[in-house]
Amino acid sequence: MRAAGCDTVVDANDLSVVGITEILSRLPKIYSLYRHLIEEADKRRPDLAIVIDSPAFNWRVARRMKERDLPVVYYVAPQFWAWRQGRVRLLRDYIDKALVIFPFEEKFYRDRGVDATFVGHPLADLPQPAVERNNYAAEFRLDTAKPWITLMPGSRVKEVRMNLPTILEAAAQLGQGYEFLLPIAPTLDRAFVQSLIGQQSITLVPESLPALWLSRAGIIASGTATVEAAMMRTPFVMVYRVSPLTYLLGKPRVKVPYFAMVNLIASEQVVGELVQQDFTAQNVVSRLREILPDGPLRDRMLQGLAEVKRRLRAPEGSTESPAQPPADRAAEIILTLPSLLEARSKQPEARS
């Protein structure tokens with residue numbers, strides 16, 4: 001967005017918090033950012049508000065914008081289908097249009113009175129990385145004779161602290177017969193990750209997609225990384241852990257049968273899920289050893305990942321209007337919203 005010319009008033013990285021209890025210490029900072037954003041909106045008087053993800057923050061922004069008679073679009077709508085389903089009323093009250101990125105979300109929201117359209121997942125049409133295994137191995141000093149396993153413990157400091165130690169323990173149990181690649185998320189400091197790894201033989205790499213594409217399997221924390229792994233057709237084990245209190249408070253509210261997004265999309269268990277007390281090094285190793293060798297279990301997972309990728313693609317268009325990339329489809333829908341067109345028509349000169 002910055003590259004396209006967006007003037008950043010509030011950096012979304014400052015809003016990134018995982019867990020119910022973990023957010024409490026950040027509330028003053030988040031509230032300050034919220035007030036600053038609303039003040040800037042009042043100064044700049046935009047024609048339209050587009051809120052993206054971050055539901056705890058953005059539904060409040062949407063409410064304030066709606067109070068100012070601005071049309072509001074929600075792109076990457078909140079996952080109220082997973083928990084706290086009663087909060088769908090927030091979208092009904094404050095949102096003119098919801099643009100959703102998972103195929104099952106459109107029906108869920110429409111059934112509850114929200115004008116929602118599935119536009120496709122931004123990762124669904126990712127191209128295969130243009131990288132050769134031998135060149136990649138030479139760059140990062142990897143042994144091509146060994147199978148490679150990608151480790152993705154999360155993109156936030158709290159997640160990494162909770163997930164990475166057990167992942168590293170699993171890597172140690174697997175032993176020296178594998179190369180372990182750990183992509184550094186842009187939100188993380190390399191020195192921080194290295195401090196957790198210590199002297200263990202783990203190769204830090206800058207990007208996740210080439211690592212996943214060239215790896216035999218992965219150990220992936222729940223979140224967007226699981227979708228990336230599916231798009232790269234990399235078999236993996238999904239893992240996740242939060243603080244005991246967060247898990248205790250949150251589990252009764254969860255309304256879905258699976259934690260892994262790929263399993264929700266497929267409506268069946270494509271990948272193994274190891275959450276909280278089930279997330280042990282021994283369990284991770286056991287699940288990996290089922291999918292590392294060629295055979296029926298690995299083949300079944302690969303077929304399931306391919307189906308997930310198919311379902312995440314934007315709906316097929318007509319001959320006159322073929323399928324578009326998700327962001328283009330979202331932009332086209334936004335620009336033709338009646339509420340936006342009406343708002344712009346009232347201006348002497350339409351603003352950007």
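Where a number appears in this text, it was derived from the coordinates with a stated rule and is not lab data. Computed from a predicted structure; not experimentally measured. Heads up, the Cβs are rebuilt from the backbone with ideal geometry, glycines too, and the neighbour counts pull from every protein chain shown.
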For Glu228, net neighbour charge (Lys/Arg +1, Asp/Glu -1) across residues whose Cβ lies under 12 Å away: +1
Report the FRET efficiency, 1/(1 + (r/R0)^6), for Arg89 and Gln200, where r is their Cβ-Cβ distance and R0 is 51 Å, rounded to 0.05. 0.60
Among GluC sites (Glu not before Pro) in region 68-151, those in a DSSP loop whose Cβ has at most 15 other Cβ atoms within 10 Å are Glu132
Between region 62-81 and region 195-223, what's the alpha-carbon centroid distance in Å? 36 Å
